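The values are calculated or read from the model by the stated rules, or taken from the named source; none is laboratory data. Predicted, not measured: the structure shown is a model, and the values here were computed from it. Note that each Cβ is placed from the backbone with ideal geometry, even for glycine, and that neighbours are counted across all protein chains shown. Areas reflect the complete protein model, heavy atoms only, side chains present, ligands, DNA and RNA absent. Shrake-Rupley method; radii C 1.70, N 1.55, O 1.52, S 1.80 Å.
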Amino acid sequence: MPEPLRLFQPTSIEEAVAVLAELGDDAKVVAGATALTLLYRQRLIAPGALVSIGRIPGLKTIEVVDGELRLGALVSHREVELSPVVRESIPVVADAFGKVANVRVRNAATVGGVMAESDYASDPPAVFVALDAVVDVQGSNGKRSIPASAFFVAFYETALEHDEIVIGVRVPVPPAGTGAVYHKFVTRSSEDRPCVGVAGVVRLHADGTVADLRVAVGAAAETPQRFWDTEALAIGKPLDADLIAQVADAYADQVDTLDDMRGSAWYRTEMVRVWVRRAIESAAAAAAPAR
Amino acid sequence: MDSHPSFAPSGTQMQVPGMLDANLRVRGRVEYAMDAKLPGMIHAKLLRSPHAHARLVSIDASRARALPGVIAVITGPDLANRDDIYPYYGPIFRDQSVLVMDKARFVGDPVAAVAAIDLDTAQAALDLIDVEWEELEPVLSLDDALAAGSIVHDEPPRLGQTFADIIVRTEANSNICNHFKLRKGNIEDGFAQADHVFEDVFTSPPVQHVPMETHNCVAWWENGVLRLISATQMPFSVRAQLAEIFKVPQTRVRITVPTLGGGYGAKTYAKVEPVTAVLAQVTGRPVRLHLTREEEFVTITKHGMQIRMKTGVTRDGKIVARHSTCYFNTGAYADIGPRLIKNGGFGTGGPHKIDNVWVDSYAVYTNLAPAGAFRGYGVSQAAWAYESQMDMIADRLGWDPYEFRMKNLLNEGEPVMTGEPMYDAHFKDLLATAAERIGWDANVKAVRHGNKVRGKGLSVIIKASVTPSTSSASVKLNEDGSLQILSSAVEMGQGAETTLSVLGGEVLDLRLDQVSITHPDTDFTPYDQGTSSSRNTYSMGTAVKMAVEDIKQQLFRLASDDLEVAIGDLEVFRGRVQVKGVPERSVGYGDLVRKARAGNLLATAVYASNGGLDPETGQGIGSVHWHQAAGAAEVEVDLDTGRIEVLKYHAGVYAGRIANPAQAELQTEGNIAFGLGQALYEEMIYDGGQLQNGNLADYMIVSIEDMPRQISLDVLERHESHDIHGIGETSLPPCMPAVGNAVFRATGVRILDLPITPEKVLRGLRANARPQAHVQEIDA
Ligand SMILES: Cc1cc2nc3c(=O)[nH]c(=O)nc-3n(C[C@H](O)[C@H](O)[C@H](O)COP(=O)(O)OP(=O)(O)OC[C@H]3O[C@@H](n4cnc5c(N)ncnc54)[C@H](O)[C@@H]3O)c2cc1C
C-alpha cells in the first residue's frame, strides 16, 4: 500500500515552522485547502506531509491599528467580504475578496492561502499591490515583512522561504477622499477567474490635479503588474481623458501579457488598456468629494 | 415544498407535485449507483494512454500485481489471450476494446485496470505498470482525418447486432466512419431556380455533458450471473453488450438502475460496465468503478462539427435549394456517431420548405476522445449552421430575418426534408410568440448607449425523435386497487417516474399515492430501448397508458358481470367502476380483483413506432413526429471588450399535450442553461491531442449568475391533442444561433465558430467596424 500522507496540526506558529524546517519540501502548509486539494488531486504536487495551520490561534484577526487594516492569515475570503471593519476602512478590499469564485470557495479560502498560492489569475493580489500592502511572515529565523509587490515572484512562486508561513497582511488605510476600485473582467462564466483584474487608487487635489494615482494589473502576467514611473508621470496633472489614456496605453505597452484559455496575449493587452482606463475613471469618480 | 404549484390533469382527482422525489433530492436522500455498498467490494482504477495514437509494444504489470492490497490487474493483451470473452463493444461498430490491445487511439484510452482494496492502493498500482508505446502519427483535426495520412482504425469495422435501420457505409483505408446521404428533389434544378446562392462554413467544438454524477457502476458475479448496479440510460443495450462480451445468454446478465444524477446522453450505451464486469469476474468480488471528473471528460463528448452549407434563394425570398456537407468528428471510437450523423445530416434541411435538398453527412474518426449522443443529438450543430445562415442571407439581401423565416417555415402538410408531410406544424406560432416576447422590431437593429450596444436574435428549429423505436411496460392492479407500473424508464432528474405515474394513474382516475413505479431491473421490468432522444414520456408513456387501458377493459368486463350492465355503459371514477353518471351503482377496483380471485390484474403493452429512411435518398419516415422549438435572445455587447451579456431569453417549444407543466418548464430552463454555455463559453481545447481544460476549474459551464435576468417560456400545448411531444432537448438547439444572430444584429460581427467569445467579437469589431444601419442612440 502507498505511504499514507502524514498530517500535522500544530497549535502555534513556532511549532508549524519547526515541522516545516524539519521536513523541508516534503511538507506542505494547508489552510482552506481550496487550491491545495486541486493540486493534489491533479497530482501536480505529491507531498508526504501536510501541516494544517487551522488550529493556530491568533491568525483570524480583522482590525484597524495605527492606520493599517490587519488581516490574519486564516481569515476567510467571505469574512473579509462581509467584515464591517474592512468595509468601513478600505471597502475595495472587501469588494475584491467578494468577487472571488463563488460563496462556497470564499467560505473556505483564506487570506494567507491566496497570497502563498501566488496564482497569476487571482483577484486579491492586485488590490494588495496597489494599496502598498505588506505581508508578514514567520520562519525559523523569526519574523519579517515583505511588500506585496515583492512578495509575488513568478507563477506559483513567492518570496517565502520553505520554512516560512504567512501570518497576515497589513494594508495602509488610504487618506480620506481616496477612491479605490477593483475591476474583475471575466471572459467566460461569472465564476471564472479573471482574464484581467485591475485595481485603481486615485486621490485628487481640490483643483482636480492628481495627488495620488496607483494602478496594479492582475491576471495579465505572471505576477501583479505595477509601474511606479508611469504613475509618477500623472502626479500634479489634471486627470482628464488624455492623461487617463496615456496611463492606460503605458500599462498596455509595459505589461508582458500571457496567453491562456481566457484570452490571447493580444486580447489581454487590449483589455489592460480598457480596464486600466476604466479603473482610473471609476476610482476618480469614487474620489470625487474634492471636486 | 415545491416551488412549482401542483397541477391536476383535467377531469381527474390527481394532484401532481412538480416532482415526486424533489424532497428526497433536496435532502440528499436519493440513492445513486455510487451509494451502493456490497460486502467485500473493491475499487477499480484505469491506466490510460498518455498518447493520442500509439502502438502498444509491451506492458508489464508484475510490479503492480505485487503491491499489497492489489487484488488483480488486467491488461489489454491479457484479454486478447482469452477465448471465453469477446473483448469488443460499441453500439454499432464493435470498434472499442475493453482495454487497449493493439494501439491507443486517444489520450485517455484505458490500457490496464487495477482492482484493489481501496482507491489509494489502486491509484498507486497504476504507477507500477510499465508500458512501452511506439508513437504513431496522430489524427488531430478534420483535415488530418480527410488527408488519411494516418488511419485511426486500420481494420474494417466489426459489426454486431445493432439497429435494424442503420445504414453502414464505410470506406477502406480512410478515416470516414460512416456516411449518410439525403437526396430530395433535384439539386441542380434547385440552384438553377435561385437568384442568389450563399455558401458558408460553420463549426462547433466538442463539449461536455457535465452530469453531476460521473459514470459509475458496481459489478459482481453471483452463481454465474453477472450483476450490475449502473448509472446508465440504457440498461437493455448494456445488457446485450455484456452478454456478447461474456458469450452468455442475456438472462445471465442482470442490470439494475437507480436514479441517475443527470445523463444528457452521456450515459447511453456501454461505457464503464465492460471493464468493471471483467474485473469482477477475475477477482470474484464486487468491483466499483467510479470515474473522476477528469476521466469523465475523456469518456464521451458532443461531436465537434464542420458544416459547409450552400443555400439558394429566389428574388422574392423563397429558399429553393440547400446543399450541406457535414463532418461530425466522432473521435477515436464510433459510439453512436454512425447513427447521429443521420439526424445531424437531415437536420440541416431545417424547418423550412425546401424542394431540393442534398446532404452528405460523415462521421469521421480522429485521435480525440470519443463523441456520442448529446442532448440535441446532432441538431444543435445543424441548427447553428442553418439558423445563422438564415440571418446572414437576410442581411445580405436587406430582408427582415423574421419575415424571411415566416416566408419559408413549413406549413401543415408540407413535406419536411425526408419527404414526409409535416403534421401538427407550429413553427410559425412559435416564432411569432418569440418575436413578440423579445420585442422584435424590423426597423431597429441595435440600440446603443455609451460603449454598450444591444440587439436581438431569433431562431427556429426542427428535431426528430429516434424512429423506429420500442418501449414496453407491464402493470399490476392489486387487491386494494393500487397500481404498480413495471417500467425500464430511467429517472435521471427529468421526472420520468412522476410523469409515467401520472399517465398511468389518470387512466384509472387514481390518486398519485395509489400508483407506484419501479426502477429498471432487466430481470423484471420489460424492455425499453433507452431513456434518450426525448422519447420517454411519449414512447414509454404510450406503452404505460396502453397497458393500463388494458387493465381498465378487464375491470369493465368484471364490473359488467357484477353490476349487470353493458360494458359501454361503464366509466371509471375515483378508483371505482361505475355506471355512467350513477355513482350509487359502482364497485371498487379492489373488490373486482378479489371477486375475480386473480390476486392481481396484469397487463403488458408494447409501443413500437415505425419508420426509416431509404439508404440512397434519405427519404421516408424520419421521425414519428417532429419536435419544434423557437428561441429569441436579447444581448448587450461591450464594444470595448467584446463581452456579451444575455439580457433576455425566450424559449418556445411545442409539447402537444403537456404531461407535467412544472417539469416541462424545468426541462426548458435547463436547455437554456445548456445552450447559453455552448453559445458563449464551452469548448474542449486540445493541443497535440492533449485536452487542455479537462476539469471544471478550466472548463466553464454557466453558473446561475450567468442566466439572463429575464427568461420567458412558452410551452405550447394543443388541448385537443393526446399526442405528447418530447421536450427534453428541443429548446436547446435554438439558443446558440439566437445568441449569434443577436450579437450580429447588435454589432455587425458574425461569428461562425462556436463559442462566441469576447475575443472573437472584439477582433470582428476591429476588422469590420461597420457602422450599423438603423442604430438607435439613447442616452446612457
Ligand atoms: C473553483 C475555484 C474558483 C476559484 N476562483 C478564483 C477567483 O475567481 N479569483 C481568485 O482570486 N481566486 C480564485 N480561486 C482560488 C482561491 O482563491 C484559492 O484557492 C484560495 O485563495 C486559496 O486559499 P486556501 O486557504 O484554500 O489555500 P490552500 O489551498 O490551503 O493553500 C494554497 C497554497 O498556499 C499555501 N498556504 C496556505 N496558507 C498558507 C500560509 N498561511 N502560509 C504559507 N503558505 C500557505 C499552501 O501550502 C498551498 O500551496 C478559486 C479556487 C477554486 C477552487
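Treating the Cα atoms of the stretch B:469-608 as identical point scatterers in vacuum, please give the log10 of the normalised Debye intensity I(q)/I(0) at q = 0.09, 0.10, 0.12 Å⁻¹, two decimals.
-0.27, -0.33, -0.46
Trypsin sites (Lys or Arg not before Pro) within the stretch B:451-556: which are DSSP loop residues with at most 16 other Cβ atoms inside 10 Å? Intermediate results must be reported in sequence, preceding the final value.
Numbers: sites: B:452, B:454, B:456, B:463, B:476, B:511, B:535, B:545, B:552; in loops: B:511, B:535.
Answer by residue number: B:511.
Ordered by residue, what ³J(HN,Hα) values in Hz, to whole numbers, does the stretch B:449-457 give under the Karplus form 6.51 cos²θ - 1.76 cosθ + 1.60, where θ = phi - 60° and Gly and Pro are x?
Karplus-based 3J(HN,Hα) across the stretch B:449-457 equals 9, x, 9, 10, 9, 10, x, 10, x Hz.
Need one word for the stretch B:645-780: rounded, prolate or oblate. Basis is the Cα gyration tensor (sqrt eigenvalues a ≥ b ≥ c); a/c below 1.5 gives rounded, then a/b vs b/c decides.
It comes out oblate by the Cα gyration axes.
What does the charge dipole of the stretch B:530-584 about its Cα centre add up to, to the nearest 20 debye, if the Cβ of each Lys and Arg holds +1 and the Cβ of each Asp and Glu holds -1?
Charge dipole, the stretch B:530-584, about its Cα centre: 400 debye, nearest 20.
Set the Förster distance to 41 Å, then compute FRET efficiency between residue B:183 and residue B:768 from the Cβ-Cβ distance, nearest 0.05. Don't jump to the answer; show the numbers that get you there.
On the way: r = 37 Å, r/R0 = 0.91.
Using R0 = 41 Å, I get an efficiency of 0.65.
Sequence-distant or interchain residues sharing an amide H contact under 5 Å with residue A:53, placed H: which?
A:30
Taking amide H positions as placed 1.01 Å from N in the peptide plane, with prolines and chain starts having none, which residues 5 or more places from residue B:753, or on another chain, fall under 5 Å of its amide H?
B:203
Starting from the Cα of residue A:176, move 7 Å in the Cα-to-Cβ direction to define the label point; list residues of the stretch A:254-291 whose amide nitrogen is under 20 Å from there.
A:284-291
Using a 1.4 Å probe, how large is the accessible area of residue B:217, given in Å² and rounded to the nearest 10?
We get 0 Å² for residue B:217.
Over the Cα atoms, compute the radius of gyration (one decimal) and Dmax (the largest Cα-Cα distance, rounded to a whole number) for the protein assembly as shown, in Å.
31.7, 105
Students sometimes get this wrong: rank B:648, B:595 by accessible area, probe 1.4 Å, all chains present, largest first. Show your work: numbers first, answer last.
On the way: B:648 55, B:595 130 Å².
Largest accessible area first, the list is B:595, B:648.
By how many nm would the segment from residue A:103 to residue A:119 lengthen if fully extended, with 0.36 nm per residue of separation less the alpha-carbon distance?
Using 0.36 nm per residue and subtracting the Cα-Cα distance, I get 3.9 nm.
Which whole-Hz couplings ³J(HN,Hα) result when phi for each residue of the stretch B:657-665 is put into the Karplus expression 6.51 cos²θ - 1.76 cosθ + 1.60, θ = phi - 60°, listed in order with x for Gly and Pro?
Listing the rounded values in order: 8, 8, 7, 7, x, 4, 5, 4, 5 Hz.
What are the aspartates and glutamates whose alpha-carbon lies under 17 Å from the alpha-carbon of residue A:28, with same-chain residues fewer than 8 places away excluded?
In chain and number order, the partners are A:3, A:14, A:15, A:117, A:119, A:157, A:161, A:163, A:164.
Straight-line reach from residue B:760: which aspartates and glutamates have a Cα under 17 Å away, not including same-chain ones fewer than 8 places off?
In chain and number order, the partners are A:259, A:260, A:270, B:636, B:638, B:640, B:645, B:682, B:683.
Could you run the Karplus curve 6.51 cos²θ - 1.76 cosθ + 1.60 with θ = phi - 60° over the stretch A:171-178 and give me ³J(HN,Hα) per residue in whole Hz, x for Gly and Pro?
In residue order, the calculated couplings are 10, x, 6, x, x, 4, x, 6 Hz.
Accessible area, 1.4 Å probe, largest first: how do B:19, B:212, A:115 sort? Mind dumping the intermediate values first?
Working: B:19 25, B:212 175, A:115 0 Å².
Descending accessible area places them as B:212, B:19, A:115.
Of B:426, A:205, which has the most accessible area with a 1.4 Å probe, and how do the rest follow in descending order? Before the final figure, lay out the partial values.
Details: B:426 20, A:205 90 Å².
If we order B:426, A:205 from most to least accessible, we get A:205, B:426.
Describe numerically, in nm with one decimal, the distance between label points set 7 Å from Cα along Cα→Cβ at residue B:251 and at residue A:264.
Roughly 6.5 nm, to one decimal.
How much of the accessible area of the protein assembly as shown, in percent, comes from carbon and sulfur atoms when a 1.4 Å probe is used?
Carbon and sulfur: 50 percent of the exposed surface of the protein assembly as shown.
What length, rounded to one decimal in nm, is gained on full extension from residue B:26 through to residue B:511, with 0.36 nm per residue of separation minus their alpha-carbon distance? Walk me through the intermediate numbers first.
Numbers: separation 485, 0.36 × 485 = 174.60 nm, distance 2.39 nm.
Full extension of this stretch gives 172.2 nm more.
Would you mind calculating the gained length between residue B:479 and residue B:709 on full extension (0.36 nm times residue separation, minus the Cα-Cα distance), in nm to one decimal?
Details: separation 230, 0.36 × 230 = 82.80 nm, distance 5.19 nm.
Once the chain is fully extended between residue B:479 and residue B:709, it gains 77.6 nm.
Using only the Cα atoms of chain B, what are the Rg and Dmax in Å?
27.2, 85
With a Förster radius of 56 Å, plug the Cβ-Cβ distance of residue A:7 and residue A:253 into 1/(1 + (r/R0)^6) and report the FRET value to the nearest 0.05. Mind showing how you got there, number by number?
On the way: r = 48 Å, r/R0 = 0.86.
It comes to 0.70.
Can you send over the solvent-accessible area of residue B:119, 1.4 Å probe, protein chains only, in Å² to the nearest 10?
Residue B:119 has an accessible surface of roughly 90 Å² with all protein chains in place.
Mind running the shape call on the stretch A:179-287? Use the C-alpha gyration tensor, a ≥ b ≥ c as the square roots of the eigenvalues: rounded below 1.5 for a/c, prolate if a/b tops b/c, oblate otherwise.
Values: a/c = 2.46, a/b = 1.79, b/c = 1.38.
Prolate, because a/c is 1.5 or more and a/b exceeds b/c.
When all protein chains stay in place, what accessible area (Å², nearest 10, 1.4 Å probe) is found for residue B:538?
30 Å²
List the residues whose amide H sits under 5 Å from the amide H of residue B:227, counting only those 5 or more places along or on another chain, with H placed 1.01 Å from N in the peptide plane.
B:220, B:221, B:222, B:254
Among the listed pairs A:99/B:452; B:342/B:428; B:184/B:342; B:552/B:580; B:103/B:342; B:445/B:648, give every one whose C-alpha distance is greater than 19 Å.
Details: A:99/B:452 22 Å; B:342/B:428 26 Å; B:184/B:342 15 Å; B:552/B:580 15 Å; B:103/B:342 29 Å; B:445/B:648 16 Å.
The pairs that break the limit, which is 19 Å between Cα atoms, are A:99/B:452; B:342/B:428; B:103/B:342.
Could you run the Debye sum over the Cα atoms of the stretch A:62-172, one equal point scatterer each and no solvent, and tell me log10 of I(q)/I(0) at q = 0.16, 0.20 Å⁻¹, two decimals?
At q = 0.16, 0.20 Å⁻¹ the computed log10 ratios are -0.65, -1.03.
Taking Rh as the Kirkwood radius, which is the inverse of the mean 1/r over Cα pairs, what is the Rg/Rh value for the stretch A:1-151? Could the numbers behind the result be given before it?
Numbers: Rg = 15.7 Å, Rh = 16.2 Å.
So for the stretch A:1-151, dividing Rg by the Kirkwood Rh gives 0.97.
For chain A, what number results from the quotient of the Cα radius of gyration and 2.2 N^0.38 Å?
On the way: Rg = 19.3 Å, N = 291, 2.2 N^0.38 = 19.0 Å.
Compactness ratio reported: 1.02.
Mind checking the dipole of the protein assembly as shown: about its Cα centre, +1 per Lys or Arg Cβ, -1 per Asp or Glu Cβ, Debye to the nearest 20?
Values: 101 positive and 134 negative charges, 284 e Å.
Charge dipole, the protein assembly as shown, about its Cα centre: 1360 debye, nearest 20.
Of the chymotrypsin sites (Phe, Trp or Tyr not before Pro) in the stretch A:137-166, which ones lie in a loop per DSSP and count no more than 12 other C-beta atoms within 10 Å? Before the final figure, lay out each step's value.
Working: sites: A:151, A:152, A:155, A:156; in loops: A:155, A:156.
In loop regions of the stretch A:137-166 (DSSP not H, G, I, E or B), the sparsely surrounded chymotrypsin sites (Phe, Trp or Tyr not before Pro) are A:155.
Between residue B:200 and residue B:719, what's the calculated FRET efficiency when r is the beta-carbon distance and R0 is 41 Å? Round to 0.05. Show your work: numbers first, answer last.
On the way: r = 41 Å, r/R0 = 1.00.
Efficiency, from the Cβ-Cβ distance: 0.50.
In whole percent, what relative contact order does chain B give with Cα contacts below 8 Å and a gap of six or more residues? Before the final figure, lay out each step's value.
Working: 2015 pairs, mean separation 117.7, N = 780.
RCO, chain B: 15 percent.
Under a Cβ-only charge scheme (Lys and Arg +1, Asp and Glu -1), can you give me the dipole magnitude of chain B about the Cα centre, in debye to the nearest 20?
Details: 73 positive and 96 negative charges, 83 e Å.
Dipole size: approximately 400 debye.
For the stretch A:64-131, run through the trypsin sites (Lys or Arg not before Pro) and keep only the ones in DSSP coil with at most 10 other Cβ atoms within 10 Å of their Cβ. Please list the in-between numbers first.
Numbers: sites: A:70, A:78, A:87, A:99, A:104, A:106; in loops: A:99.
Taking the stretch A:64-131 and a limit of 10 other Cβ atoms within 10 Å, no loop trypsin sites (Lys or Arg not before Pro) are found.
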